[in-house]
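The values are calculated or read from the model by the stated rules, or taken from the named source; none is laboratory data. Quick caveat: nothing in here was measured; it's all calculated off a predicted structure. Ideal geometry is used to build each Cβ from the backbone, glycine not excepted, and the neighbour counts take in all protein chains shown.
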């Protein structure tokens with residue numbers, strides 16, 4: 001089983017991508033985890049290390065795919 | 001069955017996204033079609049009408065998701 005992590009921040013662009021892209025992933029192949037970086041700010045460092053520059057982003061087995069553009073990761077740091 | 005169309009143009013960013021993102025889509029839910037706009041330039045108008053601005057892009061039931069950035073659609077027109 002491969003790992004897919006979908007990072008978002010609750011923005012409209014993120015929610016649309018979550019509903020469509022994250023839900024389209026094959027559950028037979030991937031364990032999909034959805035992380036709301038606005039609520040789980042403790043995981044910002046993990047996202048940054050993975051190479052996430054903006055949200056929404058999908059990390060498939062370590063490869064980062066930025067999907068459209070909701071917010072820069074830097075805007076989520078307080 | 002829903003429809004997913006993955007538009008790309010053979011660029012390295014496109015190929016990586018094709019191999020990872022297009023292949024992660026649940027075949028139980030989506031008919032996935034992969035369109036190489038460099039070879040199928042007759043489909044540029046269709047992609048543009050769908051709202052595709054750059055490749056690689058994934059269109060899920062009519063909603064466009066631009067994934068990373070390989071090339072602007074305008075660069076593919078000759």
### Query
Do you know which residues across the range A:26-60 are within 12 Å of chain B (Cβ to nearest Cβ) and more than 13 Å from the chain's Cα centre (by Cα)?
A:26, A:27, A:28, A:29, A:30, A:31
### Query
Within the range B:4-22, can you find the residues that are without any contact (Cβ under 8 Å) to a residue 24 or more places away in the chain and loosely packed, with under 15 Cβ neighbours inside 10 Å?
B:15, B:19
### Query
Is it true that some residue in the range A:60-70 is free of Cβ contacts under 8 Å to residues at least 60 places away in the same chain, crowded, with 17+ Cβ neighbours inside 10 Å, in a loop (DSSP other than H, G, I, E, B) and in contact with a helix residue (DSSP H, G or I) (Cβ under 7 Å, 6 or more places away or on another chain)?
no
### Query
Is there a residue being modelled with pLDDT of 95 or more and within 23 Å of residue B:59 (Cα to Cα) anywhere in the range A:36-51?
no
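Taking the options B:48, B:33, name whichever one is in contact with a helix residue (DSSP H, G or I) (Cβ under 7 Å, 6 or more places away or on another chain) and either in contact (Cβ under 8 Å) with a residue 60 or more places away in the chain or surrounded by fewer than 19 Cβ atoms within 10 Å (Cβ to Cβ) (or both).
When all the criteria are applied, what remains is B:48.
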